[in-house]
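Chemist: Quick one: structure below, then a few questions.
No value in this document is a laboratory result; all are computed from the given coordinates. As the structure is a prediction and not an experimental result, all values here were calculated from the model. When we count neighbours, we look across all protein chains shown, and the Cβ atoms used for this are built from the backbone with ideal geometry, even at glycine.
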Amino acid sequence: MAIFSFRTILASSESLYKDSGSKFLAFAYPVRSEEDIKLKIEGLRKKYFDATHHCFAWVLGADKTRFRAVDDGEPNHSAGDPILGQIRSKELTNVLVVVVRYFGGTKLGVGGLIQAYKSATEEALNLAAIVEEDVTEIFLIRYPYDETSEVMRLVKEFDTKILKQEYLEDCLLVIEVKLINKDSLLTKIELLQALNHKITFEGV
């Protein structure tokens, strides 16, 4: 079944959780790619180079099928999984949460660690503004200059976003289309083509 929208966070947020002298600094970020995730984690590792652990989890994609949880030296499943669990409990995607731990000298045990990483993540995500975003696709429209007004009507009618445009003898328009509007837009273009409008439409 097609997914037309997803929940993510609007901007980064952070929180601080303390337990038995240990400090857990949680950082939540909206992200778009694994490269974006890598840069965020590297930045925190440099800034908090003296921390004991940098544990994290992330989820990507409208269908939430791409994800990862990393314990970074903590006991297996005591850090990354609780972080991931909080992202999933809020039904979020395109989100990275990193929890930076400074060891306070007292061991918390696996149960204590799970609670600490869960609580730090939960607080950071509670402080973030959650937004609903539309799933979109990019398309290319080619048309002769005298079809410009017809094409602009399509752009307005189907609430598309223009990413690039070239007005030459043969014009080109790169648009971002909400997936929920895609089929209706295709049907309208096919109708125009049947009426001899020289408009072509292709995926990028």
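Chemist: Within the stretch 27-78, which residues are closer than 30 Å to F4 by Cα, assigned to a strand (DSSP E or B) and not basic (K, R)?
Modeler: Matches in the stretch 27-78: F27, A28, Y29, P30, F56, A57, W58, V59, L60, F67, A69, V70.
Chemist: Residue by residue through the stretch 189-203, note down the ones that are outside any helix (DSSP H, G or I) and either among the polar types (S, T, N, Q) or more than 12 Å from L140 (Cα to Cα) (or both).
Modeler: Passing the criteria: L195, N196, H197, K198, T200.
Chemist: Could you say whether any residue in the stretch 103-126 is of a type outside the set (D, E, K, R), loosely packed, with under 14 Cβ neighbours inside 10 Å and part of a strand (DSSP E or B)?
Modeler: No, the stretch 103-126 contains no residue that is of a type outside the set (D, E, K, R), loosely packed, with under 14 Cβ neighbours inside 10 Å and part of a strand (DSSP E or B).
Chemist: May I ask you to list the residues in the stretch 1-25 that are surrounded by 19 or more Cβ atoms within 10 Å (Cβ to Cβ) and within 20 Å of K182 (Cα to Cα)?
Modeler: The one that is surrounded by 19 or more Cβ atoms within 10 Å (Cβ to Cβ) and within 20 Å of K182 (Cα to Cα): F6.
Chemist: Against the condition crowded, with 18+ Cβ neighbours inside 10 Å, of a type outside the set (V, I, T) and under 28 Å from T106 (Cα atoms), how does D50 come out, does it pass?
Modeler: no
Chemist: Please verify whether I175 is in contact with a helix residue (DSSP H, G or I) (Cβ under 7 Å, 6 or more places away or on another chain), without any contact (Cβ under 8 Å) to a residue 60 or more places away in the chain and surrounded by 14 or more Cβ atoms within 10 Å (Cβ to Cβ), treating the condition exactly as stated.
Modeler: yes
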